[in-house]
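These notes concern the structure reproduced below.
None of the figures in this text is laboratory data; all of them are computed from the coordinates on show. All figures in this text were calculated on a predicted structure; none of them were measured in a lab. Cβ atoms come from the backbone with ideal geometry, glycine included; neighbour counts cover every protein chain shown.
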Amino acid sequence: MTHLFLDACALARRYFTDAGSRNIDQLFALTDTAYCTDILGIPETAGALRATLEDTRWRAFQRPEFEAAMELLLNHWRTQYQVIALNPQAANDAWSLIYRHYLRGADAIHLALALQYHGAVRSADPKDAVVLVTSDHRLIKAATAEGLRVFHFWRCQCPLCGLEFQAKKGKLNKHGNCTFSCNCGRQECTSTYQVTIDKLLAV
């Protein structure tokens, strides 16, 4: 089984459309997969939804969409997500991670709990895998250094030439001599990238 440990920036894209939402939707369509977050992930996701409602640039996310998203998040919290509780050992580990990788406090907690969960999963069944899903570059770098698989959910595939690349949100994405370009953000995503278990385990 593959265990996906999602931080709040990944979870939030399940409830409103933004860069990476297409890949997040694909993650939740995978089979033989468990979906995990930590105790900070749920309120942080709710906070992201509230901030999106207040942001006037999000014309498609108004009060009805916000209420529906919050209700769906609550339902998923109760029925779909394995929520990992904070514990003294993880808090202590987070302290060390801050020193080693200059992480923010919340990100250090996310990583400490993800690493702790990874250890528990592998002890129970060495064939299982844990993958951290995020778009935070500093968290990705720290998690990789700590030996954890990571999937950056802004992964993209060019619809013209088929090249896979890491999209940059809010910036013009061009590659090689291909004529395709996009300003990755809130518009309809044209990526043809397909999320598979093999790709997740190859990262």
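Assign unit charges at the C-beta atoms only (+1 for Lys and Arg, -1 for Asp and Glu), then state the dipole size of the stretch 70-203 relative to its Cα centre in Debye, rounded to the nearest 20.
For the stretch 70-203, the charge dipole is close to 420 debye.
Taking the Cα-to-Cβ direction at A34 and at T192 and moving 7 Å from each Cα, how far apart do the two end points lie in nm?
Result: 3.6 nm between the two label points.
So in the chain, what percent of DSSP beta bridges are antiparallel if you round to the nearest 5?
Roughly 25 percent of the DSSP beta bridges within the chain come out antiparallel.
Once amide H atoms are built 1.01 Å from N in the peptide plane, which residues 5 or more positions from V133, or in another chain, come under 5 Å H to H?
Result for V133 returns F5, L6, D7, F151.
Please give, to one decimal in nm, the separation of the simple spin-label points placed at D25 and C161, each 7 Å out from Cα toward the Cβ.
A separation of 2.7 nm, rounded to one decimal place.
Could you give the DSSP H helices of the chain that reach 15 angstrom or more along their long axis (alpha carbon positions) and whose average Kyte-Doolittle hydropathy is no lower than -0.5?
Span-like helices in the chain: 41-54, 105-124.
Given H placed on each backbone N at 1.01 Å, which residues far from D38 in sequence or on other chains put an amide H within less than 5 Å of it?
Under 5 Å from the amide H of D38: I84.
Note down the magnitude of the dipole of the stretch 1-151 about its Cα centre, charges +1 on Lys and Arg C-beta and -1 on Asp and Glu C-beta and zero elsewhere, to the nearest 20 debye. Working shown, then result.
Values: 15 positive and 17 negative charges, 52 e Å.
That gives a dipole near 260 debye.
Given N residues in the stretch 58-109, what is its alpha carbon radius of gyration divided by 2.2 N^0.38 Å?
Rg over 2.2 N^0.38 Å, computed on Cα atoms: 1.69.
By how many nm would the segment from R100 to L201 grow when fully extended, if each residue of separation counts as 0.36 nm and the alpha-carbon distance is taken off?
33.8 nm
Taking amide H atoms as placed 1.01 Å from N in the peptide plane, list the residues 5 or more away in sequence, or in a different chain, whose amide H sits under 5 Å from that of W154.
Correct list: empty.
Obtain the nm distance between the two label points defined at N177 and H137 by a simple spin-label model: each point lies 7 Å from its Cα along the Cα-to-C-beta direction.
Label at N177, label at H137, 2.9 nm between them.
Stick to the Cα atoms of the stretch 73-187, pair each with every other, and give me the Kirkwood hydrodynamic radius in Å at one decimal. Could you put the intermediate results ahead of the total?
Details: mean 1/r = 0.0606 Å⁻¹.
It works out to 16.5 Å.
Of the labelled options (i) 45, 44, 30; (ii) 100, 51, 28; (iii) 50, 41, 35, which one gives Cα extents along the principal axes in Å as computed for this structure?
Correct label is (iii).
Taking loop as defined by DSSP and a crowding limit of 10 other beta carbons within 10 Å, which trypsin sites (Lys or Arg not before Pro) in the stretch 124-171 fit?
Within the stretch 124-171, the qualifying trypsin sites (Lys or Arg not before Pro) (loop, at most 10 other Cβ atoms within 10 Å) are K127.
When a footprinting reagent is the concern and you count Cβ atoms within 10 Å, what order do L103, L111 take, fewest first? Intermediate results must be reported in sequence, preceding the final value.
Values: L103 22, L111 28.
If I rank by nearby Cβ atoms, fewest first, I get L103, L111.
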